[in-house]
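Worksheet: one structure, shown below.
Here, each number is a calculation from the coordinates, and none is a lab measurement. All values derive from a computational prediction rather than experimental measurement. Reconstructed Cβ throughout: ideal geometry from the backbone, glycine too, with neighbour counts over all protein chains shown.
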Amino acid sequence: MITEPKPQTFIAADMLGPFRSRRLVVVCVILVLALAPGHLGSLTRGLMVDAYVQVSAFVAATLLLFYGAERVFRFDIGSALKNTRGLQVPLAALLGATPGCGGAVVVVAAYSSGNVRFGAVVATLTATMGDAAFLLIATRPDAALVVVPLSLTVGVIAGWLVDRFNRIDLTPDTSRHCEIAPVIGPTRWQDYAYVFIAAPGLAIGITQITGTDIFAIYSTNLIFAVALAGSFLGLYIWSTSPLKAMTNIADHPLIRMAEETSFISVWVIGAYLAYAYAEAFIGLDLKTAFGSVGSLLPLIGVLVGFIPGCGPQVLVATLYVNGVVPFAALIGNAISNDGDALFPAIALNPRAAIVATIYSAIPALVVGYGFYILAPGFMN
């Protein structure tokens, strides 16, 4: 008897136990570091405050706005892309350029359903910067104003060229469906608590962006209380979550905001701590170390972009923000990296995922080395 194929679940239920255990270990390590006496503890707490005020609060506001609008208007992006034809590639690139990985994952899922051409996949994967875009927008908005439009433009051009010249048969198996994650269910206490804490965190973050000394406006105790409460609540949500990164569109916007912001925040905290610890305790001068490889920096940025997920890309953005790597390495990484969208792409069509990654690497190398050779000091 022939049975109907079951939808592919992106996260297997039997993997959740060990997966959560590993996350709990990470949370315990961060907690010990934050509570440590002396310079180690104060440095860790200060970095967690910076990560929350500079990034997490803005991510929460952006995701809540995005997912709230998606819920209100109930717009089926996959079907809409199928009917756009000539605008399919630009719209796919625009979705990819949206901060985070949601837009790119939607396009990958639409490709697996036969709603978009392969050029749209290349466009969205080329244009996306993943979760690293949130960090860049929050800390270097001037650089983000260059990276995001440039990645979008390169994505559109790459997508059109692929649709025109690609001769590799990458027809998707439309019998397989992409179920990004299991539905979590009703809104939980932690979802309400997260948005409650994020509101004052956003106010503090906006104040800091204006160049004002936040400690002169708000009390130090208030800033640390809000930021650390938000950070540790995010760590709790992340460590108990059944998800790897993306949420299911069926979940409430508050759940999706809390889950995905927590995921992004852990990587940001990790990147901040790794950079600061390397300098403070190991004595590693990262700027000198990376400066010694010189012309390989754009290539390194592109190669790091091959790694699935957003964590390595957040680290590259962190190194750029701290002046360790040049803009050429950042833009090369931004164009080559596919963020979390590469996970479902590999699961649904590994061959298409590999080809799309290779195609996106070509413009990444061209643009990255273009800035390195022609404008070495640009945005540094």
(request) May I have the pair-distance distribution P(r) for the stretch 249-310, computed from all Cα-Cα distances with 10 Å bins from 0 and rounded to whole percent? (result) 17, 30, 33, 14, 7
(request) Mind checking the stretch 48-151 for trypsin sites (Lys or Arg not before Pro) that DSSP puts in a loop (not H, G, I, E or B) and that have at most 15 other Cβ atoms within 10 Å? (result) ARG74
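If packing is taken as the average number of other Cβ atoms within 10 Å across a peptide's residues, how do 278-284, 140-146, 95-101, 45-51 rank, most packed first?
Ranking the peptides 278-284, 140-146, 95-101, 45-51 by packing returns 95-101, 45-51, 140-146, 278-284.
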(message) Can you give me the distance in nm between label points at THR210 and SER21, each placed 7 Å from the Cα along the Cα-to-Cβ direction?
(response) 5.0
(message) Please state the shape class of the stretch 234-380: rounded when a/c is under 1.5, otherwise prolate if a/b exceeds b/c and oblate if not, all from the C-alpha gyration tensor.
(response) oblate
(request) Considering the convex hull of the alpha carbon atoms of the chain, report its projected area averaged over all viewing directions, in nm², one decimal. (result) 20.4
(message) I'd like the Karplus ³J(HN,Hα) series for the stretch 108-114: coefficients 6.51, -1.76, 1.60, θ = phi - 60°, whole numbers in Hz, and an x wherever there's a Gly or Pro.
(response) 4, 5, 5, 5, 5, 8, x
(request) Taking the Cα centre of the chain as origin, sum charge times position over the Cβ atoms of Lys and Arg (+1) and Asp and Glu (-1), and report the length of that vector in debye to the nearest 20. (result) 380
(message) Using amide H atoms built in the peptide plane, which far-off residues or other-chain residues are under 5 Å from GLY130 H to H?
(response) GLY100
(request) With runs of 4+ DSSP H residues as the only contributors, calculate the mean residue ellipticity of the chain at 222 nm using -39,500 (n - 2.57) per run, divided by the residue total and rounded to the nearest 500. (result) -22500 deg cm²/dmol
(request) Take the Cα of VAL366, step 7 Å along the line toward its Cβ, and report every residue of the stretch 146-172 whose backbone nitrogen sits under 16 Å from that point. (result) 150-166
(message) Can you give the FRET efficiency to the nearest 0.05 for ILE282 and SER42, using r as the Cβ-Cβ distance and R₀ = 25 Å?
(response) 0.90
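Taking the Kirkwood radius as the inverse of the mean 1/r across Cα pairs, report the Rg/Rh of the stretch 115-260. Walk me through the numbers on the way to the answer.
Numbers: Rg = 20.2 Å, Rh = 18.7 Å.
Reported Rg/Rh (Cα atoms, Kirkwood Rh): 1.08.
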(request) Calculate one ³J(HN,Hα) per residue across the stretch 57-72 by plugging θ = phi - 60° into the Karplus curve 6.51 cos²θ - 1.76 cosθ + 1.60, and present them in order as whole Hz with x for glycine and proline. (result) 4, 6, 4, 4, 5, 5, 5, 5, 5, 5, 6, x, 5, 4, 5, 5
(message) Taking θ = phi - 60°, what integer Hz values does the Karplus form 6.51 cos²θ - 1.76 cosθ + 1.60 yield along the stretch 355-365, in sequence order, with x for Gly and Pro?
(response) 5, 5, 5, 5, 4, 6, 5, 5, x, 4, 5
(request) Note down the nm distance, to one decimal, between modelled labels 7 Å out along Cα→Cβ at PHE73 and at THR171. (result) 3.4
(message) With +1 on the Cβ of every Lys and Arg and -1 on the Cβ of every Asp and Glu, and nothing else charged, how large is the dipole of the stretch 227-299 about its Cα centre, in debye rounded to the nearest 20?
(response) 60
(request) Putting +1 on Lys and Arg Cβ atoms and -1 on Asp and Glu Cβ atoms, find which of LEU81, ALA144, ALA97 reaches farthest to the positive end of the dipole of the chain. (result) LEU81
